[in-house]
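To start, the structure itself, in structure tokens.
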Amino acid sequence: MKSIFCSSVCLCTITLPSFAELTPQDLKEMRLVVKEEIETVIDKELAPIKANIASMKSDIVSLKEGFARLDARITGVEKQIAIVANLVYALIALIVIAVGIPQFIMTWRGRKDSASEAEIAALVQKQSEMISLLTAEVETLRIKVYQHFND
């Protein structure tokens, strides 16, 4: 029994320091240890994520550069299309002018010729009437001359 008692006293003396309170220094050290452990775990797990984010940022930068080049090419194509469209408009105008001006000249000459032909026809009509009058007068004079010689 003595041995049990001695054993229990020894165990109690050993366990007495475990009932002691933690000092603020102990708490700070525990916090530092926990903080270091958390930082190492976070660093281990966040390092690949940070690397992925960095590669994504570089990919985004390269995409932006690609979009800028594509935008420049599209702008160049738009300018070329505008030039071609303006050239087509100019050719259409040239064709209209090339066909329209001769048609206008022909129409104008046709009207002028029609007016001239109408004047010529009127003059021919007047000349025909004058010739008829002169022919009738010559006939009358011939009849008078014939009568004058027959008398």
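Numbers at a glance
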read-out	value
³J(HN,Hα), Karplus 6.51/-1.76/1.60, whole Hz, each residue of segment 28-45, x for Gly, Pro	4, 5, 5, 4, 4, 5, 5, 4, 4, 5, 5, 4, 5, 5, 5, 4, 5, 7
Nearest-ten-degree value, helix 2-15 long axis tilted from longest Cα axis of the chain	40
Per residue Cα convex hull volume in Å³ - calculated over the chain	220
Per-residue ³J(HN,Hα) for segment 97-111, Karplus 6.51 cos²θ - 1.76 cosθ + 1.60, θ = phi - 60°, Hz, x for Gly and Pro	5, 5, 8, x, 5, x, 4, 5, 5, 5, 5, 5, 5, x, 5
Count, lysine Cα pairs under 27 Å in the chain, 8 or more residues apart or across chains	8
Listed residues Ala118, Ala54, Ala98, most fluctuating in the chain (Gaussian network, C-alpha, under 10 Å)	Ala118
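None of the figures in this text is laboratory data; all of them are computed from the coordinates on show. Nothing here was measured: the structure is a model prediction, and the numbers come from that model.
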